[in-house]
1. Kindly state, to the nearest 0.05, the FRET efficiency for SER752 paired with ASN425, given R0 = 45 Å and r defined as their beta-carbon distance.
2. Kindly state, to the nearest 0.05, the FRET efficiency for GLU245 paired with GLN675, given R0 = 60 Å and r defined as their beta-carbon distance.
3. Show the residues, 5+ positions off or on another chain, whose built amide H is closer than 5 Å to the amide H of VAL524.
4. Set the Förster distance to 56 Å, then compute FRET efficiency between LEU728 and THR262 from the Cβ-Cβ distance, nearest 0.05.
5. What GluC sites (Glu not before Pro) in region 665-733 are in a loop by DSSP, with at most 10 other Cβ atoms within 10 Å of the Cβ?
6. As a footprinting exposure proxy, order CYS173, CYS317 by other Cβ within 10 Å, with the fewest listed first.
7. Quick one: Karplus J couplings for region 666-682, per residue in order, coefficients 6.51, -1.76, 1.60, θ = phi - 60°, nearest Hz, x for Gly and Pro?
8. Stretched out fully, how many nm does the piece from GLN272 to GLU647 gain, at 0.36 nm a residue minus the Cα gap?
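The numbers here are math on the coordinates, done by the rules we state, and not lab data. What you see is a predicted model; the values in this text were computed from it and never measured. Note: ideal-geometry Cβ built from the backbone for every residue, glycine included; neighbour counts use all protein chains shown.
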Amino acid sequence: CKLSYWLFSVVRRKRCAGAAGCRHRSINGAARRRVAALRCPVLGRPRPGATGAVSGGFAARHGAPGLRPAPVSCGAGWDGVRRGWSVELIPVSCRPEVEVAALQRLCRRARAAKEPAAARFYREEGNRLFGLRQYGAAVRLYSQVCLEDIARAESHGYPNRLLPKVLLRKAECLLFLGRLQEAADALSVVENKIAVDGIVTSPTHQTLLGKLSQLKVKIHEKESCPEAAREACGDIQRESEIWEENDSISGASSSLSLKFDTERGRHLVASQDILPGQSLLKEEAFVSVLCPGESLLLQDSSETVWDTRVTNADLYCHRCLRQLLASVPCCGCSYAKYCSQKCADTAWEQYHRTECSLGPLLLTLGVFCHVALRTVLLAGFAEVGRLVEWSHDGDKDLHNPEARCNHLSEAADTRAGTRGIPGCNDSGRYQSSYQAVFNLLPHAEKHSPEHKFLCMLSVIAICKQLQEAGLEAAVLNQESSEKWSKPKACEKPSGELSPELKTVAEAMLRHVLQLQCNAQAITVMQESGSRDGAVVNKKPVRLATAFFPVLSLLNHSCWPNISVSFSGTAATVRASQPIPSGQEVLHCYGPHRCRMRVAERQQLLRQYFFECRCQACLEELESDVKSVVAMRNSFCCPSCRAPMQGEDMLCCSNEACAVSVSRESLSHRLQDLQQQIKNALELLRARKADQAIRMLQKCQMDAGNLLSPEHLLMGEMEDHLAQVYATLGKWQEAARHLQRSIEIVEMHHGPSSVEIGHELFKLAQILFNGFAVSEALSTIQRAEEILLVHCGPQSTQIQELQEMKTCLLELPRSILQRT
């Protein structure tokens, strides 16, 4: 069992300010800096690819948006922006030329067009990695060359004579990776290509045919292997969950009800008692956009620089977010990649025929602007125009926030049920639709004028390029969706947007403002580093940004009662603890009581335009007792190791000890310690395990004179030592250190938290590999109980735990008795 080693960052929460994974940032991290550079070039060049770092921690990564309780009318708030920041008030022709030039310079750094010269480079890099047996990386580079479809590869200038050889290499990579069907498909293409050429007598073709026959035999052998057949069945036969859908809320369980009041706004409550692990919501994202990797925005250079670093854009389908190896790239650009031709065609018909030529601009402005554009493209101009016009003609009495809330409260108390709540259709059903997206609060009156101005500039830049590229008809759904059809020539003067595009711009601006409070990060656990050892590192990454209209109804609590998991573009919400009937269903947007002090949480939550008054915050604010985080992550006395107390100057809490030291001094020692731990991990990556162990042991000794025994860094060092010993195959030592780490994690997060579930999953793998059967079985059982609650039966961890348990129980009785 290859150990999927979850990095300790999964259980160690970092500060969330500006973290992309937690959505704790303003307009769009890098996008704001880029647009700021457009407005004032003297601010300096924005850092390429700066999309924020993923915040450590699983629940924080799953931080969900919520409709804030602020009693603000969507129509009133938006009407104020429409009048004060109208598209018409900032015509494109009035923008300074320097801003246009700055934007063009930034766009040139984001390569998205087809470049035939890249084919040779990627083929040679693929050959090099193939020789090093790095098959996963090699097959991705070969896919850049093959384009899966030979006809398309030929049309992009790839040498015809080399295609069969590259496809054979691709098939061999897929075979090594266990992707048998994809390998067989690649071989079929090779056979057809050789047959079409009709030249089978040359030595080169004879060699190719021989290699092809060998690979076909290997595929057949693997397909007939019982283990492969069992794994294939496992992918299809997933345990199903009992589900009764709600009549009033799309994708929600019948155990939920939609409510509204002036304090909490729209929110969901339990209509019956809910048990831990019970599924409450299953929702497909209305729109999602893959977050690009940092290598996509390159430094200005006079030389062509090809980048082989693997990013999200290479690992996942740009439409369904399915993990991929042999991708199907777009025929029009070098950025978009898909898991199948079907996904590529669907994306083209729905939105990519419009987005394709805008790739550099969208990559430059950032994912929020991209989400806003794709949202209006998916909705269609007819629906967008209808709702924008509705926002103009709304009841003028509701422009006052107080009147708005009074009206909605009255509507919610009538027999109409949910019919008067924004986002619900005429029959009172709240659906995961564009109408629900449009009714998410933009909080227009709370955003700063500077922020709204930058958003406006970004939206106008997109609409201007749509018009100049002749894509207006496609945006307005007036053009055929014929595949790869060329855009029509621009008919309007470049300095003036048409009334229709102004409507599109207004809707896009609304969505960009909504995203600050309602964007949902879709996250995955992603492998990092080499896969050729006994340990595979995994870390949480923000994969995409999306709109989930129903999920957005969940309000925040620093002590939530649900967990969220993702599969592709679908989100599933499960109860993480018992929820009695009548209690609100609450999610954590990132700041959690187990990871941050109340002051830090309150500060970070201000970006959502509300003051958190959850039970956890009230308890800490109304009492003089230090928070759990402060107590367990404290310094200890270097003399007697008792806890240190105070603010700037810390004094030993032991009355018999008179040691005092400044907080600044201890903080510097802590930073030095953290750097030494990083150095130890570098040694591990350099395959210098013995040196890494010695350095980590020294760090432990230093930390014992600096930190409290329950400090998370103490657990982190135990975790790293477990990782090093697992790399060496010393499973007993690895288990011993990991168990110590788990004790500290449990102190911080609780015995039934998802963090403990992940750590127990890791421990189960170590015990399994170390043949500690009885301990492994008991650990598997506990991990399974916890992860079933948070992740559900279809989780990959649950599947692997069940496979390990089955394997252990099938061992001979004599072996089980000895272990």
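1. Working: r = 39 Å, r/R0 = 0.86.
Calculated value: 0.70.
2. 0.70
3. VAL541, LEU543
4. 0.40
5. Working: sites: GLU682, GLU710, GLU716, GLU718, GLU733; in loops: GLU710.
Answer by residue number: there is no such site.
6. With the sparsest Cβ surroundings first, the list reads CYS317, CYS173.
7. Using θ = phi - 60°, the values come out as 5, 5, 5, 5, 5, 4, 4, 4, 4, 5, 5, 5, 4, 4, 5, 5, 5 Hz.
8. 130.3 nm
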